[in-house]
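Take a look at the structure below.
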Amino acid sequence: MMRRGLIALLSVGLVTAALLEASAADRRFAVVVGFNGSDDPELEHLAYADDDAMRYSQLLGHVAERVELLTELDEESRALWGTTTTKLPTRDGVMNAIRDVRREMAKARAEGDRPILYFVYSGHGNYDAEGKGYVHLHDGRFTTRDLYGHVIGSGSSEEPVVLIVDACNASLLVHSRGSRRRRVASTSLKLENYPHVGVILASSSVGETHEWGKYLSGIFSHEVRSGLLGPADVDDDGRITFAELAAFVASANAQVTNPTVRVTPYIRPPLAAPGLALIDLNTARFPARVRIEGEVAGKAHLVNSDLLRVADFNRARGHSFWLAIPEGSTHALVHKDVEYVVPPDARGELGLADLDRRERARVSSRGAGSRYFERTLFQESYGTEVARKYLEDEYVQDLEVIRYEALPWYHNGKAWATVSAGLAALATGGALHAQAVDTRDRALSSPWASERARLNGEIERYESSAWLAAGVGTAALLGGALWFTLDVPLTEERYQPPLRVQLGPNGVKLEASFD
């Protein structure tokens, strides 16, 4: 009887645990920061970092419970965004926003749900003399140590953190990529030690990111937001993952061959949750979404009533997806010479046949910009085959982290070799001088004039050689000391995230292995 009771109690416990697990939900929170300026007079003032912050906050507002926005709108942006309330991107403001959001996340965790934190920054980034990264704020800097201490490491290791950084040298903020020119000082703050963190980082071969007036945005940020609104969804399940976004951004930049402007982002999911959805359109609060298929093939874009470019894509035939429509404005899907109009009161799932169709208003495609970007961005059709090829052939290999970390001064082998050569030269000089002294003694004791003349010649040669060796040795010692002082010895460290791409009939999946 007692045994049956224990079995019943255990069964109830298992059922209860299963129900609790089933009822648990992902709940998203965001801190978004944008700043056009910097404290470096050599950095050009940005034009659209504040606009990017506004757009990220609007996008994440459709999926997150709370979005903290910190930016300083310039005059043009205030005219565009109106009386939107924002907080200044000060250091204290950012810290307070993180603390406030973390408190909300703790409540979500106490209720049995999984909170997810998005930390977004658009603006200027740089690195100090030791190669440590930071980004600029209204009254100072937000450093690598700040990031790890207050964003990455301040919560539970089971709560995913998503970092989205569109800034020059963004990769150095999380030590993702170093080089001999931009080396990273030795540190324990390494991203691989935090498997709950996923990153979406802008980068280029020269460490710079670029803005474009046609987008009124950073190019990388526009590509990211475009993909997250649906076009990156390869398997058409409504969930946009890190792998899908990486493939979409790679395709958008495939035709950009100029290395000074080509975006080569670093997009890597949390190793503890490689399949994490950045955005799930099935549960997001977008008022409407439009089915993109059939006749809308090739390049197309979405604009709102202020003619702001909301999203761009180049759809390959056979690739179908849902395009999320943000709230608050009339939107037009522009394809070739046709616009499909989505009114502000549109709701639910819509097909192209449900939308009013009109001739394209050419003003919707205007904007300041570069002809180079016009003819290179979004030129490759994106679909299942393109995504699969990229993910299978390049994606995981491109995630390799290469660092050149500083070693202690005494690891400088070339400097030691120079010092050793200097000591050897001085020793040689000393030996030659001793030989000269010995030869002088022999000359003084010789009774033969011819012998004394020969020995005096040897003395002169020994002393000349001794002075030469002493000079070379002294120069080598000084050079070695200078080498120790100025040249930092480096060691190359490589880290390959333990991710595997699984390509199957049901889509693309990432798996992590910690064997």
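Below is a table of values for the structure above.
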read-out	value
Residues (surrounded by 14 or more Cβ atoms within 10 Å (Cβ to Cβ) and outside any helix (DSSP H, G or I)) located in the range 428-454	Ser446
Within the range 258-317, tally of residues that are more than 20 Å from Asp237 (Cα to Cα) and over 24 Å from the mean Cα position of the chain (by Cα)	12
Matching residues in the range 358-376 - criterion: being in contact with a strand residue (DSSP E or B) (Cβ under 6 Å, 6 or more places away or on another chain) and either modelled with pLDDT of 80 or more or in a helix (DSSP H, G or I) (or both)	Arg358, Arg360, Ser364, Phe373
Of residues in the range 412-427 being surrounded by 14 or more Cβ atoms within 10 Å (Cβ to Cβ) and either of a type outside the set (A, V, I, L, M, F, W, C) or not assigned by TED's automatic domain parsing to the domain that holds Ala466 (or both), the one farthest from Tyr462 (Cα to Cα)	Asn412
Ile152 vs. criteria under 21 Å from Pro270 (Cβ atoms) and buried (at least 24 other Cβ atoms within 10 Å of the Cβ)	no
Test: residue in the range 190-204 that is among the hydrophobic types (A, V, I, L, M, F, W, C) and at pLDDT below 85	yes
All positions within the range 88-108 that are crowded, with 16+ Cβ neighbours inside 10 Å and in contact with a Gly (Cβ under 9 Å, 6 or more places away or on another chain)	Pro89, Thr90, Arg102, Met105
Within the range 38-57, tally of residues that are among the acidic types (Asp, Glu) and touching a Leu at 6+ places or on another chain (Cβ under 6 Å)	2
Looking only at the range 128-147, and only at residues there that are more than 19 Å from Glu68 (Cα to Cα) and buried (at least 21 other Cβ atoms within 10 Å of the Cβ), the one that is modelled with the highest pLDDT	Thr144
Test: residue in the range 472-481 that is assigned to a loop (DSSP other than H, G, I, E, B), of a type in the set (Val, Ile, Thr) and surrounded by 13 or more Cβ atoms within 10 Å (Cβ to Cβ)	no
Odd one out for Tyr372 among (1) closer than 30 Å to Val501 by Cβ; (2) surrounded by fewer than 19 Cβ atoms within 10 Å (Cβ to Cβ); (3) among the hydroxyl-bearing types (Ser, Thr, Tyr); (4) in the same structural domain as His222 (by TED's automatic domain parsing)	(1)
Residue within the range 319-326 that is surrounded by fewer than 19 Cβ atoms within 10 Å (Cβ to Cβ) and under 34 Å from the mean Cα position of the chain (by Cα) present	yes
Filtered residues of the range 457-509 (kept if among the small types (Gly, Ala, Ser), in contact (Cβ under 8 Å) with a residue 24 or more places away in the chain and assigned by TED's automatic domain parsing to the domain that holds Ala277)	Gly507
Conditions (1) among the hydrophobic types (A, V, I, L, M, F, W, C); (2) part of a helix (DSSP H, G or I); (3) within 30 Å of Val199 (Cα to Cα): number failed by Ile402	(2)
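This table checks each residue for (1) without any contact (Cβ under 8 Å) to a residue 40 or more places away in the chain; (2) of a type in the set (A, V, I, L, M); (3) touching a helix residue (DSSP H, G or I) at 6+ places or on another chain (Cβ under 7 Å).
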residue: Val396; (1), (2), (3): no, yes, no
residue: Arg403; (1), (2), (3): no, no, no
residue: Ala415; (1), (2), (3): no, yes, yes
residue: Gly422; (1), (2), (3): no, no, yes
residue: Ala425; (1), (2), (3): no, yes, yes
residue: His433; (1), (2), (3): yes, no, yes
residue: Val437; (1), (2), (3): yes, yes, no
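The values are calculated or read from the model by the stated rules, or taken from the named source; none is laboratory data. These numbers come from a predicted model, not from an experiment. Methodologically, a virtual Cβ is constructed for each residue, glycine included, from the backbone with ideal geometry; neighbour enumeration extends over all protein chains shown.
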